[in-house]
Amino acid sequence: MRSNKINKDHGIYRFTFADLWEKFGLAYNEKRFFSQIVPAKPSDFLLQQLEVANEFVLRSEKMKSEYLVIPVLTFLKRPIEIIFNFFSGENLPADKKARLNGEVDYIWIGRPKAAELQEPIICTCEAKKGSIEDSLEQCAAQIYGARVLY
């Protein structure tokens with residue numbers, strides 16, 4: 001397990017599962033949440049967007065977000081009957097003393113066309129370097145931060 005650290009490039013505190021267990025009393029419980037979900041066929045528009053993305057070298061997180069993640073999130077949003085909005089790169093100021101504050105990859109809120117964060121919210125994290133496991137600690141901290149804030 002990695003130790004907690006501050007990322008020198010961005011000054012961001014990275015939680016480990018040990019931190020989350022000790023500081024906040026959270027427990028790790030692995031479940032398959034989406035085993036009942038039927039895969040959706042990608043739309044022609046999404047396939048075209050992904051083809052365009054394949055023409056570029058996506059070096060930065062920003063480019064990956066713009067060319068890969070946002071088109072997928074937009075595709076996922078369309079068939080859902082519940083109306084919501086999402087934000088990208090917003091600060092989630094849950095608890096600065098506990099270091100539960102910082103930029104969240106994507107935040108979904110249950111309020112259409114809202115200009116600011118409001119409950120209910122869902123946080124979505126991108127997998128880093130193609131590994132979902134390397135992003136679980138960050139995801140858990142963001143989800144707990146959202147719970148603390150609202």
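The values are calculated or read from the model by the stated rules, or taken from the named source; none is laboratory data. The structure presented is a predicted model; accordingly, all values stated were derived computationally and were not measured. Here the Cβ is made from the backbone with ideal geometry for all residues, glycine too, and neighbour counts use every protein chain on show. Please note that ligands, DNA and RNA were not included when accessible areas were found on the heavy atoms of the full protein model with its side chains. Shrake-Rupley method; radii C 1.70, N 1.55, O 1.52, S 1.80 Å.
Below are the figures for this structure:
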{"item": "Filter pass, residue 56 being surrounded by 17 or more Cβ atoms within 10 Å (Cβ to Cβ) and more than 19 Å from the chain's Cα centre (by Cα)", "result": "no"}
{"item": "Verdict on residue 65 being of a type in the set (S, T, N, Q) and in contact with a strand residue (DSSP E or B) (Cβ under 8 Å, 6 or more places away or on another chain)", "result": "yes"}
{"item": "Residue within the range 31-45 that is within 29 Å of residue 116 (Cα to Cα), at pLDDT 85 or above and not polar (S, T, N, Q) present", "result": "yes"}
{"item": "Yes/no for residue 107 being aliphatic (A, V, I, L, M), at negative phi and open to solvent by 40 Å² or more (accessible area, probe 1.4 Å)", "result": "no"}
{"item": "Matching strands (runs of 3 or more DSSP E) fully within the range 53-150 where at least 3 residues are farther than 24 Å from residue 40 by Cα", "result": "85-95, 100-109"}
{"item": "Residues (touching a Phe, Trp or Tyr at 6+ places or on another chain (Cβ under 8 Å) and of a type in the set (A, V, I, L, M, F, W, C)) located in the range 105-124", "result": "107, 108, 109, 117, 121, 122, 123"}
{"item": "Single match in 90, 126 (criterion: in contact with a strand residue (DSSP E or B) (Cβ under 8 Å, 6 or more places away or on another chain), acidic (Asp, Glu) and open to solvent by less than 40 Å² (accessible area, probe 1.4 Å))", "result": "126"}
{"item": "Identity of the residue in the range 85-114, among the small types (Gly, Ala, Ser) and touching a residue at least 60 places away in the same chain (Cβ under 8 Å), that ends up farthest from residue 68 (Cα to Cα)", "result": "98"}
